[in-house]
1. Scan the stretch 31-51 residue by residue and report those that are open to solvent by less than 70 Å² (accessible area, probe 1.4 Å) and either under 21 Å from Phe185 (Cα atoms) or not in a helix (DSSP H, G or I) (or both).
2. For Pro203, are the conditions met, namely being under 19 Å from Thr96 (Cβ atoms) and under 16 Å from the mean Cα position of the chain (by Cα)?
3. Which one of these is closer than 21 Å to Leu48 by Cβ and either open to solvent by 60 Å² or more (accessible area, probe 1.4 Å) or not in a loop (DSSP other than H, G, I, E, B) (or both): Leu173, Leu186, Leu180?
4. May I ask you to verify whether Arg65 is under 25 Å from Lys208 (Cα atoms), within 12 Å of the ligand (Cβ to nearest atom) and out of contact with any helix residue (DSSP H, G or I) (no Cβ under 6 Å at 6 or more places or on another chain)?
5. Can Leu3 be described as of a type outside the set (Val, Ile, Thr), in contact with an Asp or Glu (Cβ under 9 Å, 6 or more places away or on another chain) and more than 10 Å from the ligand (Cβ to nearest atom)?
6. Test Thr28 against the stated conditions and say whether it is assigned to a helix (DSSP H, G or I), more than 13 Å from the chain's Cα centre (by Cα), within 12 Å of the ligand (Cβ to nearest atom) and β-branched (Val, Ile, Thr).
7. In this structure, is Asp199 within 14 Å of the ligand (Cβ to nearest atom) and loosely packed, with under 15 Cβ neighbours inside 10 Å?
8. Please work out which residue is farthest from the ligand (Cβ to nearest atom), limiting yourself to the stretch 161-196 and to residues that are out of contact with any helix residue (DSSP H, G or I) (no Cβ under 9 Å at 6 or more places or on another chain) and of a type in the set (Ser, Thr, Tyr).
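The values are calculated or read from the model by the stated rules, or taken from the named source; none is laboratory data. None of these values were measured; they are calculated from a predicted model. Virtual Cβ from ideal backbone geometry, glycine too; neighbours counted across all protein chains shown. Note: areas computed on protein heavy atoms with side chains; ligands, DNA, RNA excluded. Shrake-Rupley method; radii C 1.70, N 1.55, O 1.52, S 1.80 Å.
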Amino acid sequence: MELNIPKHIAIIMDGNGRWAKKRGLPRTLGHREGAKSLRKIITHAAKLGIKHLTVYAFSTENWKRSKEEVEALMFLFKTYLKGEEKNIMENNIKFTVSGREENVSESLLTAIRRLEELSKNNTGLNLNIAFNYGGRAEIIDGINRLLKEGKKEITEEEFSKYMYRDIPDPELLIRTSGELRISNFLLWQIAYSEIYITDTLWPDFDEKELDKAIESYNKRDRRFGGVK
Ligand code: FPP
């Protein structure tokens with residue numbers, strides 16, 4: 001059977017901390033393993049012909065974690081940007097970030113903007129990293145932008161253009177490590193997304209696991225509120 005591959009997959013990469021704890025390791029090592037998983041999933045997603053992959057790397061609420069963990073996540077992201085540049089360019093990946101700039105260091109913002117600029121004409125997979133991201137913040141930022149423009153009334157289609165990135169809504173939302181919640185991720189865009197939750201912790205999530213999620217998506221009967 002020919003599989004229907006979603007154009008946009010969104011992932012809540014959860015469980016790095018638990019993965020590390022189970023092994024008696026510091027949480028930051030879990031995040032490092034999580035970054036390795038992400039690399040594998042990006043390559044596999046590109047191979048499958050997925051057009052957009054949005055991954056939740058740091059939420060507006062994650063600043064509440066210990067200073068040590070926040071710093072480690074910032075450092076990991078910066079290292080990631082440097083380390084992945086070659087891979088991104090060689091594989092024709094378009095790199096984008098969704099999120100607020102406030103509280104993010106100038107050096108990290110510069111590195112993000114640089115890679116966005118460098119890869120903007122790439123036509124393969126769009127890797128969209130949700131960083132310092134909150135779904136409510138994104139909606140409020142959109143509303144404030146349209147108020148500034150003096151808009152009085154808009155349609156759902158128009159409002160979608162006020163989100164951080166003008167990309168189609170994800171058909172499939174994956175959450176690892178078994179938690180049954182949305183955690184303020186892509187609130188506007190996931191209205192009709194199919195949700196796939198696995199107990200697998202993010203550092204253990206591999207190519208086979210992504211295939212399994214896509215197979216599960218293929219068994220869903222998508223009605224968008226209608227009747228078939
Ligand atoms: C959730 O696990 C994960 C995060 C808050 C960070 C996600 C970051 C990565 C996967 C690192 C790689 C990303 C980039 C872009 C370099 P958790 O810490 O909440 O795990 P727990 O629920 O088991 O404690």
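1. Matches in the stretch 31-51: His31, Gly34, Ala35, Ser37, Leu38, Ile41, Ile42, Ala45, Gly49, Ile50.
2. No; evaluated as a whole, the condition is false for this residue.
3. Going through Leu173, Leu186, Leu180 in turn, the sole match is Leu173.
4. no
5. It is true that Leu3 is of a type outside the set (Val, Ile, Thr), in contact with an Asp or Glu (Cβ under 9 Å, 6 or more places away or on another chain) and more than 10 Å from the ligand (Cβ to nearest atom).
6. yes
7. In short, yes.
8. Here the answer is Tyr192.
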